[in-house]
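The values are calculated or read from the model by the stated rules, or taken from the named source; none is laboratory data. Computed from a predicted structure; not experimentally measured. Note: ideal-geometry Cβ built from the backbone for every residue, glycine included; neighbour counts use all protein chains shown. The area values use the complete protein model at the heavy-atom level, side chains included, leaving out ligands, DNA and RNA. Shrake-Rupley method; radii C 1.70, N 1.55, O 1.52, S 1.80 Å.
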Amino acid sequence: GPSGDPYTCGPWTDKSTAKANHRAHAAFFRDAFPEFEASQQPVTLVGESYAGVYVPLFANEWLDDPITGPTGRPIHFKGFAVGDGFPACIPQPGRPVDWCVNLREVEFFKYPNALPGPHWDVEFFHGHSQMSEELYARIVGGGCSEAELK
């Protein structure tokens, strides 16, 4: 499995993870749910956030090596969808794999987050549809100034 410091994944890469997941997906349909082969229910791979990297890689593995059921009939792969996806950095010669983002300075695990004050939490939760429009309007328009929230 993954190993190393908090910023590395040891021997794993996105592509090797996709290959390992492809093997797991094949076993899922062959061994755990063989009825998918006969039913031909469409299968859609779906994810969010870092799935912007993984789901297209999973789909590509499936297209390169179609998953079949226990008797060899292909499982009906319909497509994939990614919401609020992180697309990753396009590899560039001579640059680190994370050249387009600086994950070492994000301070994910500190609270308050990298920008102090509840304003940023409210904006984050609202922007990720984790609160209703009504609640958002009550918070930002209901007595607290932006200066107070920041």
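Figure legend. Inter-residue proximity from the stretch 77-92: first residues more than 15 Å from Asn60 (Cβ to Cβ) and of a type in the set (Phe, Trp, Tyr), second residues in a loop (DSSP other than H, G, I, E, B) and open to solvent by 80 Å² or more (accessible area, probe 1.4 Å), beta-carbon distance below 8 Å, spacing 6+ or different chains. Indicated pairs: Phe86/Tyr50. If you check Phe77 against the conditions, is it open to solvent by 60 Å² or more (accessible area, probe 1.4 Å), at pLDDT 90 or above and over 29 Å from Gly127 (Cβ atoms)? So Phe77 fails the test. Summed over the stretch 36-54, the residues that are open to solvent by 60 Å² or more (accessible area, probe 1.4 Å) and part of a loop (DSSP other than H, G, I, E, B) give a count of 3. With (1) open to solvent by less than 50 Å² (accessible area, probe 1.4 Å); (2) at pLDDT below 95 as the list, and Pro11 as the residue in question, which single condition is left unmet? Every condition holds for Pro11 apart from (1).
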